[in-house]
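Structure first, then comments.
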Amino acid sequence: MGSVPFAVGAFSKLFLKAGCRNVRVDGLPAFLQRLKSDRGVLTVANHISVVDEPFMWGSLPLRNFLNSKTLRWTLGASDIMFNGKFDRWFFTKGQIIETHRGKGIYQKAIDDSARLLDEGNWVHIFPEGRIKQEELHELRRFKWGISRMLMECERVPLIVPVWIKADETLLSGFEQVMDEPRVWPNYLPRTGKDVTILYGEPMNAAVEPLLAAYRAKYPTPWRPATYERPVGQDLEDEPDEVGRMRSEIAEAMRQGLMQLGQRVDEVERERPAG
């Protein structure tokens, strides 16, 4: 593995250790064991600040950043992360999959993510698709790309929720480290905040029956004839049942992630800050 992931991982660990007042991490040992298997892992998390990625991964052991198998792949907007030669080199080394805004769910980034999962890799998604710092415990509707990703997988990965502490009354969580909008004096992360990160149990029991129903109806996943058409035309042409099933899969994951978020208070009572 190259030096970019290790350097970013080391900086993230340093920020959690020296830049935050209290850090609680729950469920990490079980999650690390899951990364050692030959089965793909798909993590989904709430998205509360611009520094969720990569600071949340500072909770991982530093050795994870030396192995591409134990380092997440994730989607990154082409117009933000792939503008020039250096940007493209940096984010490609950081295992970012170039994603094109406005291209919808039928694009190569989703195909690549499904392939990586089938190969036993770890892919991470912020399925709300944008930062949300209001009504933090009620998640937005998940973007459909995450459902299509699973529909395309030949082998269903472990689907693991990850919750980043988001407290609407206390000055804690990454939303306080880097809040929106990013204007003066909010250009740099704030220090001295509390952070809690929960790694949950797999949500496969809720999601796999929905995927099985889809595969029974469509043994070969439905795709448009070409990816070069407008998004609206793709959605018009696809069977209505595909859209309904996709929504059900996304909602099952959304509910599972919110259930994990409800454990924050319990974890903070049980685990001392440190």
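The criterion of being in contact (Cβ under 8 Å) with a residue 40 or more places away in the chain and closer than 30 Å to Asp265 by Cα does not hold for Lys36.
On the stretch given as segment 11-21, residues that are among the aliphatic types (A, V, I, L, M) and surrounded by 13 or more Cβ atoms within 10 Å (Cβ to Cβ) total 1. The residue that is nearest to Val23 (Cα to Cα), counting only those in segment 185-216 that are assigned to a loop (DSSP other than H, G, I, E, B) and modelled with pLDDT under 95, is Gly192. Among the residues of segment 53-63, the one identified as among the aromatic types (Phe, Trp, Tyr) and either closer than 18 Å to Gly145 by Cβ or buried (at least 24 other Cβ atoms within 10 Å of the Cβ) (or both) is Phe55.
Answer yes or no: is there a residue in segment 24-45 that is part of a helix (DSSP H, G or I), surrounded by fewer than 15 Cβ atoms within 10 Å (Cβ to Cβ) and small (Gly, Ala, Ser). Looking through segment 24-45, at least one residue is part of a helix (DSSP H, G or I), surrounded by fewer than 15 Cβ atoms within 10 Å (Cβ to Cβ) and small (Gly, Ala, Ser).
Touching a residue at least 12 places away in the same chain (Cβ under 8 Å), of a type in the set (Asp, Glu) and exposed (fewer than 14 other Cβ atoms within 10 Å of the Cβ), is that true of Glu236? Here the answer is no, as Glu236 does not meet what is asked.
The residue that is nearest to Val41 (Cα to Cα), among those in segment 65-90 that are assigned to a strand (DSSP E or B) and of a type in the set (Gly, Ala, Ser), is Gly76.
When the residues of segment 217-232 are filtered to those that are modelled with pLDDT under 90 and more than 14 Å from Gln107 (Cβ to Cβ), the one that is farthest from the chain's Cα centre (by Cα) is Ala225. Quick check, is Val4 in contact (Cβ under 8 Å) with a residue 60 or more places away in the chain, crowded, with 17+ Cβ neighbours inside 10 Å and not in a loop (DSSP other than H, G, I, E, B)? No; evaluated as a whole, the condition is false for this residue. Within segment 133-150, not a single residue is hydroxyl-bearing (Ser, Thr, Tyr), under 20 Å from Met56 (Cβ atoms), under 14 Å from the mean Cα position of the chain (by Cα) and modelled with pLDDT of 95 or more. Applying a threshold of 6 Å to beta carbon distances and a minimum spacing of six or more residues, or different chains, the list of pairs starting in segment 136-149 at a residue that is under 14 Å from Leu260 (Cβ atoms) and ending at one that is modelled with pLDDT under 90 and buried (at least 22 other Cβ atoms within 10 Å of the Cβ) reads Leu136/Ala166. Each residue in segment 78-99 was checked for being of a type outside the set (Asp, Glu) and surrounded by 14 or more Cβ atoms within 10 Å (Cβ to Cβ), and 13 pass.
Kindly establish whether Ile97 is under 30 Å from Tyr227 (Cβ atoms), assigned to a helix (DSSP H, G or I) and of a type in the set (A, V, I, L, M).
no
Criterion applied to Leu62, Leu28, Leu35 was being more than 29 Å from Cys153 (Cα to Cα), touching a Phe, Trp or Tyr at 6+ places or on another chain (Cβ under 8 Å) and modelled with pLDDT of 90 or more, and the one residue passing it is Leu62. Looking only at residues in segment 51-103 that are free of Cβ contacts under 8 Å to residues at least 12 places away in the same chain and of a type in the set (Lys, Arg), which one is farthest from Gly232 (Cα to Cα)? Going through the qualifying residues, I end up with Arg63.
Report yes if Val50 is among the hydrophobic types (A, V, I, L, M, F, W, C), closer than 27 Å to Ile105 by Cβ and surrounded by 21 or more Cβ atoms within 10 Å (Cβ to Cβ), otherwise no. Considered against the rule, which asks whether it is among the hydrophobic types (A, V, I, L, M, F, W, C), closer than 27 Å to Ile105 by Cβ and surrounded by 21 or more Cβ atoms within 10 Å (Cβ to Cβ), Val50 comes out as no.
The values are calculated or read from the model by the stated rules, or taken from the named source; none is laboratory data. All values derive from a computational prediction rather than experimental measurement. Note that each Cβ is placed from the backbone with ideal geometry, even for glycine, and that neighbours are counted across all protein chains shown.
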